[in-house]
Structures are given as C-alpha cells and as structure tokens.
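The structure under discussion appears below in the form of structure tokens.
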Amino acid sequence: MTSSSTPRMHTYKRTSSPRSPTNTGELFTPAHEENVRFIHDTWLCVLRDIKSPQNNERNDRGPQEYVEKNPNPNLHSFIPVDLSDLKKRNTQDSKKS
C-alpha cells in the first residue's frame, strides 16, 4: 500500500458558454469558471446602474464613474486597444502561416 502526501491537481476542460470559447484549449477549474461568471455578471450590473437615470439621484450611493481631475497630458492621444479584436487578428495571422 502506498500513500502520497502531495496533493493532486485536477484540471477541467473549460465549459462552453458565450464567454468561454472551447477552441482555445485552455484548462480551467469549475471554481475559476464560477469566479469569471460572477465578475462578468456583476460588471454588467455596474454598467447598467451607471447608465440608469436613477443613478444621478443617488449621488454617493451605488457605482460612480471615476474621472481624472488632472488628466495626464502624455495620455492625450492614447487610443484604447480592443484586446478581443487583437486576439482574433493574431489567431487569423497564425492560421495563414
């Protein structure tokens, strides 16, 4: 009879959902999937609350959008990058080669 004192790590294939494509080959635990789902759903609630006309009446309650009081002049021409679009383009480029 043998016993092992080292814990076993189990990896689970990513479950399919609109937010988790199965073609990436990445492995995630069910706990990870639950955390991602929680953060995604909570973020959607925050965005909805910020856009709500009732948000203006709440003042100090609920989510508030942060706005720089003194914006950095070096970031004046900054253009945000769409990471999902960049990933799609990189994936397409790697398939071509």
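Filtered by the rule that a residue be of a type in the set (Val, Ile, Thr) and out of contact with any Asp or Glu (no Cβ under 9 Å at 6 or more places or on another chain), the range 34-52 gives Val36, Ile39, Thr42, Val46.
Please find, within the range 60-89, the residue that is modelled with the highest pLDDT out of those that are charged (D, E, K, R) and either assigned to a loop (DSSP other than H, G, I, E, B) or in contact with a helix residue (DSSP H, G or I) (Cβ under 7 Å, 6 or more places away or on another chain) (or both).
My answer is Lys69.
The values are calculated or read from the model by the stated rules, or taken from the named source; none is laboratory data. No experiment lies behind these values; they were computed from the predicted model shown. Cβ: placed from backbone, ideal geometry, glycine included. Neighbour counts: every protein chain shown.
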